[in-house]
1. In whole angstrom, note down how far apart the Cα centers of the range 102-154 and the range 45-62 are.
2. Give me the extension gain from ALA139 to ALA181: residue separation times 0.36 nm, minus the current Cα-Cα distance, reported in nm with one decimal.
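Since every read-out is calculated from the coordinates, none of them should be taken as a lab result. Computed from a prediction, not measured in an experiment: that's the story for all the values here.
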Amino acid sequence: MLSLRLTNTAFEDEALYLYAGHVEIAHLFHGVPNYGGFDGYFSGAPTLYPVLAAAVDSVWGLTGVRLMSLLFMLVATSCLYSITRRIFNERAGLCAAALFSFADPTLFMGNFATYDAMAVFLLAITTWIVVYTAHRHWALMLTAAPVAVLACGVKYASALFLPTIAVLLVLLAYQHHGLRAALARGAAFTGRWSASSPARSTPPTTGRRSRAPPPPAPMAPPAPGPS
């Protein structure tokens with residue numbers, strides 16, 4: 001809740017994603033031409049988080065969108081507590097949740113209307129599913145793959161964290177099913193999300209978002225011909 005103390009006007013990225021979301025909604029539901037070209041330089045699919053944020057903004061404004069980010073981070077914190085408690089114990093879960101809750105990036109993303117909080121939320125859900133299904137039937141583990149793909153769609157850089165989740169799956173499955181079955185589960189999970197991940201066909205971007213390429217320089221006028 002310390003995130004609520006961070007009050008200010010809309011940051012540049014917040015305004016851009018909300019604007020893009022309203023443009024996409026107008027295009028998808030009302031047929032308004034979309035000349036933004038957001039899919040060419042956004043660090044996530046413009047039809048996912050921006051559309052959701054714009055829908056919330058239409059009802060509750062920027063405050064509502066920031067509260068949605070806070071909700072995402074609260075759920076991610078709960079998942080972290082549950083995961084750590086499952087792997088270690090109650091004390092470790094409480095310590096992990098406390099450290100994460102008071103970390104500066106957590107407080108910042110909890111009051112920031114961009115895709116970051118939603119991406120963290122989806123990655124936390126993916127990890128939670130993996131941890132709680134690693135010792136069960138292999139098909140249950142695959143239910144984490146669609147959530148992982150959605151996380152990659154919201155923020156393409158989320159794909160960088162999925163190999164770590166796959167390694168965690170192998171380590172947990174090894175305790176109950178042996179090395180061969182654990183490696184098979186890790187390979188199945190990796191293949192499942194990588195086959196349909198939007199990050200595979202999307203060029204990587206750097207920073208919070210990549211700027212649109214600058215317009216070409218105007219051509220010099222032709223030299224006058226001989227009189």
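1. Using only Cα atoms, the two centres lie 20 Å from each other.
2. Details: separation 42, 0.36 × 42 = 15.12 nm, distance 1.26 nm.
Stretched out fully, the ALA139 to ALA181 stretch lengthens by 13.9 nm.
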